[in-house]
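Engineer: Take this structure first; my questions come after.
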Amino acid sequence: MGVMRLGVVETRVMDLEESLRYYTQVVGLQLTGREGNRAYLKAWDEEDHHSVVLVESDRPGLEHMAFKVRFQDDLDKFEKSIEQYGIKVNRVSKGARMAEGQAIEFKLPTGHIMQLYNEIEKVGNGLKLNPDPWPDNLKGMAPPNLDHLLLTGDDIQSVTDFMTRVLDFHISEQVVSVDGEQLIGTFLFRTNSPHDIAFIKGPDSKLHHFAFHLDNWNEVLRAADLLTKNDIALDIGPTRHGLTRGTTVYFFDPSGNRNEVFSGGYVPCADFTPITWTEDQLGKAIFYLERQLNERFVTALT
Ligand SMILES: [Fe+2]
């Protein structure tokens, strides 16, 4: 059945204790494990052991991202098709990280390390029998789940080709040069969300941001209040995206990794006809209300 959804983002942070305070108290993730220089966190409505791994390092950025596949034998099928496409695949053994089973790992044409996995320990969300709509003791922004990530790379055409042809992602939106000759960005989905992963032209192997889901615009505004209350570096927002139609606020973790909380957007299926933006309208596409990009949004990458 293939790729289900974005499951894990492993992010490098420079001070694990400071980052843990931020991700648990301000963002409001739950700590589910610690081992060596890594901490494992989940959002409150997620059932798997973790969706965010913080790894202490001397530089920020994305260590790897992992998508969960529906069945264990999907790994064999993808291993074969990815190698047939010409990309080398490694097996990651069970237990390489806490609570995780075997995975396959490979490098995207943009240089990012991606894994596919099926097995991960389930810890549950405590809301499966006659449940309340949300649990007690939520903290901070309290997103129910991880939503998507945006990466930069030089060859957007190649990474889009790989993601759609081999991993069977669907295109929701694309950004092209004014003459239509060059692909500048692609937004891709497997779930019924406007994007599970997106790529935009820029330096290879870089993280632009990863985002958490919130229920509505009021929650986005409340998240922005929490940034000020906790003196967290704001990038932009709250505002609306033209791309995806979602509402958003962008901010930075203590190591400079950009985070987003995102709400709304349309509900695409596999037969969705992609939306196209031309590069000259990129300001409106990214920030529909401001109609222009700020310099930091383009240049601050980790
Ligand atoms: Fe985003």
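The values are calculated or read from the model by the stated rules, or taken from the named source; none is laboratory data. Quantities reported herein were computed from a predicted structural model and do not represent experimental measurements. Positions of Cβ are backbone-derived with ideal geometry, glycine not excepted, and every protein chain shown enters the neighbour counts.
Engineer: Could you give me the residue pairs with C-beta distances under 7 Å whose first residue belongs to segment 115-137 and is touching a residue at least 12 places away in the same chain (Cβ under 8 Å), whose second residue is of a type in the set (A, V, I, L, M, F, W, C) and in a loop (DSSP other than H, G, I, E, B) wherever it lies, and which are 6+ apart or on separate chains?
Structural biologist: Asn118/Phe71; Ile120/Ala99; Glu121/Ala99; Asn125/Trp44; Pro135/Trp44; Pro135/Leu127
Engineer: May I pose another question? Scan segment 11-25 for residues that are of a type in the set (Asp, Glu) and either touching a Ser or Thr at 6+ places or on another chain (Cβ under 6 Å) or without any contact (Cβ under 8 Å) to a residue 60 or more places away in the chain (or both) and jot them down. Please lay out each step first, then the result.
Structural biologist: So the first thing to find is which residues in segment 11-25 are of a type in the set (Asp, Glu), and the list is 15, 17-18.
Matches in segment 11-25: Glu17 only.
Engineer: Which of (1) farther than 24 Å from Arg5 by Cα; (2) surrounded by fewer than 20 Cβ atoms within 10 Å (Cβ to Cβ); (3) over 19 Å from the mean Cα position of the chain (by Cα) does Leu227 not meet, given it meets every other one?
Structural biologist: (2)
Engineer: Looking at segment 237-257 only, could you name the residues that are under 20 Å from Tyr23 (Cβ atoms) and within 9 Å of the ligand (Cβ to nearest atom)?
Structural biologist: Matches in segment 237-257: Thr248, Tyr250.
Engineer: Within segment 205-236, how many residues are within 11 Å of the ligand (Cβ to nearest atom) and either basic (Lys, Arg) or part of a loop (DSSP other than H, G, I, E, B) (or both)?
Structural biologist: Looking only at that region, the number is 0.
Engineer: Taking the stated definitions as given, is Val55 out of contact with any Asp or Glu (no Cβ under 7 Å at 6 or more places or on another chain), not in a loop (DSSP other than H, G, I, E, B) and not assigned by TED's automatic domain parsing to the domain that holds Ile197? Steps first, please.
Structural biologist: Working: out of contact with any Asp or Glu (no Cβ under 7 Å at 6 or more places or on another chain): no; not in a loop (DSSP other than H, G, I, E, B): yes; not assigned by TED's automatic domain parsing to the domain that holds Ile197: yes.
Considered against the rule, which asks whether it is out of contact with any Asp or Glu (no Cβ under 7 Å at 6 or more places or on another chain), not in a loop (DSSP other than H, G, I, E, B) and not assigned by TED's automatic domain parsing to the domain that holds Ile197, Val55 comes out as no.
Engineer: So, one more: Filter segment 244-268 for residues that are among the hydrophobic types (A, V, I, L, M, F, W, C) and touching a His at 6+ places or on another chain (Cβ under 8 Å) and give the result.
Structural biologist: Keep residues of segment 244-268 that are among the hydrophobic types (A, V, I, L, M, F, W, C), which gives 249, 251-252, 261-262, 267.
Listed by number, the residues that qualify are Val261, Phe262.
Engineer: Now, a different point. Do we have Glu46 as at pLDDT 95 or above and assigned to a strand (DSSP E or B) here?
Structural biologist: Details: at pLDDT 95 or above: yes; assigned to a strand (DSSP E or B): no.
Taking the combined requirement at face value, the residue does not satisfy it.
Engineer: Counting only residues that are part of a loop (DSSP other than H, G, I, E, B) and either of a type in the set (Val, Ile, Thr) or over 22 Å from Gln25 (Cβ atoms) (or both), which one in segment 128-154 is nearest to the chain's Cα centre (by Cα)? I'd like the intermediate steps shown before the answer.
Structural biologist: Start the filter on segment 128-154 by keeping residues that are part of a loop (DSSP other than H, G, I, E, B), which leaves 128-144, 154.
Among the residues that remain, those that are also either of a type in the set (Val, Ile, Thr) or over 22 Å from Gln25 (Cβ atoms) (or both) are: 128-133, 154.
Numbers: Lys128: 26, Leu129: 29, Asn130: 31, Pro131: 28, Asp132: 27, Pro133: 24, Asp154: 19 Å.
By that ranking, first place goes to Asp154.
Engineer: Would segment 255-274 turn up any residue that is assigned to a helix (DSSP H, G or I) and not assigned by TED's automatic domain parsing to the domain that holds Glu17?
Structural biologist: Taking segment 255-274 as the starting set, the residues that turn out to be assigned to a helix (DSSP H, G or I) are none.
For segment 255-274, residues assigned to a helix (DSSP H, G or I) and not assigned by TED's automatic domain parsing to the domain that holds Glu17: absent.
Engineer: In addition: When segment 180-191 is examined, which residues are found to be modelled with pLDDT of 95 or more, farther than 16 Å from Gly153 by Cβ and surrounded by fewer than 23 Cβ atoms within 10 Å (Cβ to Cβ)?
Structural biologist: Those that are modelled with pLDDT of 95 or more, farther than 16 Å from Gly153 by Cβ and surrounded by fewer than 23 Cβ atoms within 10 Å (Cβ to Cβ): Arg190, Thr191.
Engineer: Suppose we keep only residues that are modelled with pLDDT of 95 or more, surrounded by fewer than 22 Cβ atoms within 10 Å (Cβ to Cβ) and within 16 Å of the ligand (Cβ to nearest atom) within segment 266-287. Which one would you say is nearest to the chain's Cα centre (by Cα)?
Structural biologist: Selected residue: Tyr266.
Engineer: Hey, does segment 11-21 have a residue that's within 30 Å of Asp161 (Cα to Cα) and either crowded, with 16+ Cβ neighbours inside 10 Å or among the basic types (Lys, Arg) (or both)?
Structural biologist: The initial filter retains those residues of segment 11-21 that are within 30 Å of Asp161 (Cα to Cα), namely 11-12.
Restricting the remaining residues to those that are either crowded, with 16+ Cβ neighbours inside 10 Å or among the basic types (Lys, Arg) (or both) gives 11-12.
Scanning segment 11-21, I find at least one residue that is within 30 Å of Asp161 (Cα to Cα) and either crowded, with 16+ Cβ neighbours inside 10 Å or among the basic types (Lys, Arg) (or both), so the answer is yes.
Engineer: Select, from Thr186, Thr273, Thr248, the only residue that is free of Cβ contacts under 8 Å to residues at least 40 places away in the same chain, of a type outside the set (Phe, Trp, Tyr) and under 25 Å from Leu54 (Cα atoms). Reasoning before the result, please.
Structural biologist: On the way: Thr186 fails: under 25 Å from Leu54 (Cα atoms); Thr273 fails: under 25 Å from Leu54 (Cα atoms).
The match here is Thr248.
Engineer: Condition first: touching a residue at least 24 places away in the same chain (Cβ under 8 Å) and either among the charged types (D, E, K, R) or within 16 Å of Ile200 (Cα to Cα) (or both). Now tell me which residues in segment 282-297 satisfy that. Write out each step before concluding.
Structural biologist: Here is the first cut: in segment 282-297, the ones touching a residue at least 24 places away in the same chain (Cβ under 8 Å) are 282, 284-290, 294, 296-297.
Listed by number, the residues that qualify are Leu282, Lys284, Ala285, Ile286, Phe287, Glu290, Asn294, Arg296, Phe297.
Engineer: Considering Phe71, Phe67, which residue is closer than 30 Å to Thr299 by Cβ and either in contact with a Lys or Arg (Cβ under 9 Å, 6 or more places away or on another chain) or touching a residue at least 24 places away in the same chain (Cβ under 8 Å) (or both)? Spell out the reasoning first.
Structural biologist: Working: Phe71 fails: closer than 30 Å to Thr299 by Cβ.
The unique qualifying residue is Phe67.
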